[in-house]
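Since the structure comes first, as structure tokens, the remarks are kept for the end.
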Amino acid sequence: MSQGQGGSLDAKFAGFSEHWRPKTIASLNGQEVRIAKVQGVFPWHAHAEAEEMFLVWRGRFRVEFRDRTVELGPGEFLVVPRGVEHRTAADEEAEILIFEPAETVNTGDAAPSEFTAPLGVCA
């Protein structure tokens, strides 16, 4: 990413339509800020080496743990601790921001699948 990263989130989200394919919009201190459109249910997984933070921009989004579910709306966020198994879901399309280390694969320890997104794709 170049110096002076920035822009409109609305414009960034308008630039793509696929679900569960995070796009990097900024990087700083080894972390990336990624955006994604989501709908449906993502596979169960964990990230052994990293926490990840989800922030809802538009719509409703949930993070499911084995023992509870956290519902999030616009402006709400949640940090998933490293090593904690979870899955994410949205009954209707939602737009989210994800904050995590640059090398973090979206499907974590789950087997590669159609949900596994390539790293380094920018919006």
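The values are calculated or read from the model by the stated rules, or taken from the named source; none is laboratory data. Being a predicted model, the structure only gives us computed values, none of them experimental. Every residue, glycine among them, receives a Cβ derived from its backbone with ideal geometry; neighbour counts consider all protein chains shown. SASA here: full protein model, heavy atoms, side chains in, ligands and nucleic acids out. Shrake-Rupley method; radii C 1.70, N 1.55, O 1.52, S 1.80 Å.
Of the accessible area of region 15-91, computed with a 1.4 Å probe over protein heavy atoms only, carbon and sulfur atoms account for 51 percent.
Scanning residues 5 or more positions from GLY83 or on other chains, those with amide H under 5 Å from its amide H are HIS47, ALA48, GLU49, ALA50, with H placed 1.01 Å from N in the peptide plane. FRET efficiency for the VAL84 to LEU28 pair, using the beta carbon distance and R₀ = 35 Å, is estimated at 0.90.
Karplus-derived 3J(HN,Hα) values for region 96-108, using 6.51 cos²θ - 1.76 cosθ + 1.60 with θ = phi - 60°, are 10, 10, 10, 10, 6, x, 4, 8, 6, 7, 4, 8, x Hz; glycine and proline are entered as x.
Spin-label model, ASP10 to VAL105: label points 7 Å out along the Cα-to-beta-carbon direction sit 3.7 nm apart.
So what's the net charge close to GLU103: Lys and Arg +1, Asp and Glu -1, counting the other residues with Cβ under 13 Å from its Cβ?
-3
Excluding ligands, DNA and RNA, the accessible surface per residue across the chain is 53 Å² with a 1.4 Å probe.
Rounded to the nearest Hz, the phi-derived 3J(HN,Hα) couplings of region 11-17 under the Karplus curve 6.51 cos²θ - 1.76 cosθ + 1.60 (θ = phi - 60°) are 5, 4, 5, 5, x, 8, 10, where x marks glycine and proline. Using C-alpha pairs below 8 Å separated by at least 6 residues, the relative contact order for the chain is 33 percent. In this rough spin-label picture, where each label sits 7 Å from Cα along the Cβ direction, the PHE65-PHE115 distance is 1.8 nm.
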